[in-house]
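The values are calculated or read from the model by the stated rules, or taken from the named source; none is laboratory data. Worth saying up front: this structure is predicted, and the values here are computed from it rather than measured. Here Cβ is always computed from backbone atoms with ideal geometry, including for glycine, and neighbour counts include all displayed protein chains. Surface accessibility is based on the protein's heavy atoms, side chains included, excluding ligands, DNA and RNA. Shrake-Rupley method; radii C 1.70, N 1.55, O 1.52, S 1.80 Å.
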Amino acid sequence: MGVVEGRLGGLLIVLTIMGLAFPVFFNALVQGYNRPPPRKNVYVPSDDPGSDSPQQVHISTVGADKMRVSWITDSPSLATVEYGTSPGAYEKSATGSTSSYKYLMYESGEIHDVVIGPLKPNTVYYYRCGSNSGPEFSFKTPPASFPITFAIVGDLGQTEWTKSTLDHISKVNHDMFMLPGDLSYADVDQPLWDSFGRLVQPLASQRPWMVTQGNHEIEKIPVLHTHAFTAYNARWHMPYEESGSDSNLYYSFDVAGVHVIMLGSYTDFDPTSAQYQWLQTDLGKVDRGRTPWIVVLIHAPWYNSNKAHQGESESIDMKDAMEDLLYQARVDVVFAGHVHAYERFTRVYKDEANNCGPVHITIGDGGNREGLASKYKNPQPKISVFREASFGHGHLVVANATHAQWTWHRNEDDEAVASDSIWLTSLSSDPACKN
């Protein structure tokens with residue numbers, strides 16, 4: 001990997017000289033905003049390079065009672081997972097598929113994808129991947145009913161800031177982790193995808209990680225690599241098929257009374273697009289008696305009073321196309337990333353406070369190398385309730401069918417003290433918002 005990394009680094013220098021630097025590919029250059037100096041990535045090497053030892057292990061939910069286990073090996077290995085409810089006792093096993101991908105001069109390891117189940121809710125399972133000599137991992141399945149706790153943060157990256165965020169999250173019990181785009185910040189440097197997988201494995205192997213894509217997952221290079229989302233789609237297979245979606249870039253799932261929708265800011269979203277048609281159909285199928293809450297994750301925020309990422313199509317045009325759908329369906333909360341800061345809006349629709357609109361929250365403060373977006377527009381809009389440029393993460397505790405508590409914690413706090421907190425009432429329980 002050192003050779004590949006060196007070659008790729010040389011290629012990036014050439015691309016920069018050619019005028020094809022990252023801002024062209026990833027919209028990293030923000031007009032009218034000077035971002036603080038970047039921080040270096042923390043590279044996590046393989047413990048056993050060249051072997052069939054499982055690495056980059058992460059899990060994600062599939063349907064009501066199954067779990068996808070994904071991992072990578074440097075050499076060929078069986079795509080098999082053995083699992084059970086007691087340490088070292090694996091009563092069941094399942095076999096899946098193996099794939100790989102190429103990106104310029106980089107060739108990935110063996111990417112294994114196995115769906116296991118049916119599983120019992122709120123239960124700890126012990127498992128091992130591949131060969132019988134592999135290490136034992138464990139995870140806990142989400143509950144079948146309320147309460148449920150989500151840990152949520154976007155724009156994670158892999159820096160010392162990231163490590164601080166992950167450490168904070170690890171200290172608070174949660175049932176599921178959700179990430180609204182911008183995972184590894186590999187930005188075409190593929191070995192950084194491997195490093196990111198190793199960095200998050202301690203958490204991602206224990207709780208389901210449900211993610212959507214951001215601009216840093218595009219990794220499309222004119223002429224040299226014309227396909228977008230190659231690494232993201234290969235490494236982070238989400239349960240899009242189960243929700244009737246035709247793309248890994250947008251999907252939905254139900255968990256413990258919450259309907260979660262992951263949307264794609266960087267694929268077509270106009271009313272003629274497949275994503276729009278899918279969203280319209282998906283929202284029409286929601287049974288608020290069974291899932292009283294609807295939570296949506298996007299990458300580019302529709303509401304934003306930070307000076308960063310203003311005027312982008314992925315925010316403005318997507319909002320114009322889809323806001324009516326979310327409002328009519330009485331979506332409760334919309335989480336976004338992209339802007340490297342925290343901001344919470346009141347319930348809003350069409351740029352005005354509206355008691356039947358969703359709460360919009362920007363949580364793109366996970367710790368990426370680009371630093372914080374510290375400049376806000378003044379005066380603060382009336383619909384913007386709380387905003388702060390600090391790294392951190394949030395917890396959404398859905399207590400029951402009618403009430404949930406959102407809290408945001410900044411990384412500078414050694415203790416788990418909420419910097420922003422609000423109780424939410426589900427719109428499905430509000431008589432004034434009945435359709």
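If you check TYR327, TYR349 for being in contact with a strand residue (DSSP E or B) (Cβ under 6 Å, 6 or more places away or on another chain) and either open to solvent by 10 Å² or more (accessible area, probe 1.4 Å) or over 21 Å from ILE152 (Cα atoms) (or both), only one passes: TYR327. The condition (being in contact with a helix residue (DSSP H, G or I) (Cβ under 7 Å, 6 or more places away or on another chain), surrounded by fewer than 22 Cβ atoms within 10 Å (Cβ to Cβ), over 25 Å from ARG290 (Cα atoms) and of a type in the set (S, T, N, Q)) is satisfied by just one residue among SER243, SER170, SER164, SER138: SER170. Scanning the stretch 324-348 for residues that are in a loop (DSSP other than H, G, I, E, B), free of Cβ contacts under 8 Å to residues at least 60 places away in the same chain and within 22 Å of ASN215 (Cβ to Cβ) returns VAL339, ALA341. Considering (1) in contact (Cβ under 8 Å) with a residue 40 or more places away in the chain; (2) under 23 Å from the mean Cα position of the chain (by Cα), the lone condition that CYS129 does not fulfil carries the number (2).
The set of residues in the stretch 394-425 that are within 16 Å of ILE361 (Cβ to Cβ) and modelled with pLDDT under 95 comprises HIS409, ARG410, ALA418, SER419.
For the stretch 331-343, the criterion of a residue being open to solvent by 10 Å² or more (accessible area, probe 1.4 Å) and out of contact with any Asp or Glu (no Cβ under 9 Å at 6 or more places or on another chain) is satisfied by no position. For the stretch 395-419, the set of residues classified as open to solvent by less than 10 Å² (accessible area, probe 1.4 Å) and in contact with a Lys or Arg (Cβ under 9 Å, 6 or more places away or on another chain) consists of TRP406, TRP408, listed by residue number.
Restricted to the stretch 91-113, and to residues there that are surrounded by 13 or more Cβ atoms within 10 Å (Cβ to Cβ) and in contact with a Lys or Arg (Cβ under 7 Å, 6 or more places away or on another chain), the residue that is nearest to PRO208 (Cα to Cα) is ASP113.
Can you find even one residue in the stretch 253-263 that is touching a residue at least 60 places away in the same chain (Cβ under 8 Å), open to solvent by 40 Å² or more (accessible area, probe 1.4 Å), within 29 Å of ALA144 (Cβ to Cβ) and in a helix (DSSP H, G or I)? No, there is no match, as no residue in the stretch 253-263 is touching a residue at least 60 places away in the same chain (Cβ under 8 Å), open to solvent by 40 Å² or more (accessible area, probe 1.4 Å), within 29 Å of ALA144 (Cβ to Cβ) and in a helix (DSSP H, G or I). Would you confirm whether or not the stretch 175-184 contains a residue that is surrounded by fewer than 23 Cβ atoms within 10 Å (Cβ to Cβ), touching a residue at least 24 places away in the same chain (Cβ under 8 Å) and among the hydroxyl-bearing types (Ser, Thr, Tyr)? Within the stretch 175-184 (the criterion being surrounded by fewer than 23 Cβ atoms within 10 Å (Cβ to Cβ), touching a residue at least 24 places away in the same chain (Cβ under 8 Å) and among the hydroxyl-bearing types (Ser, Thr, Tyr)), the answer is no, since none of the residues qualifies.
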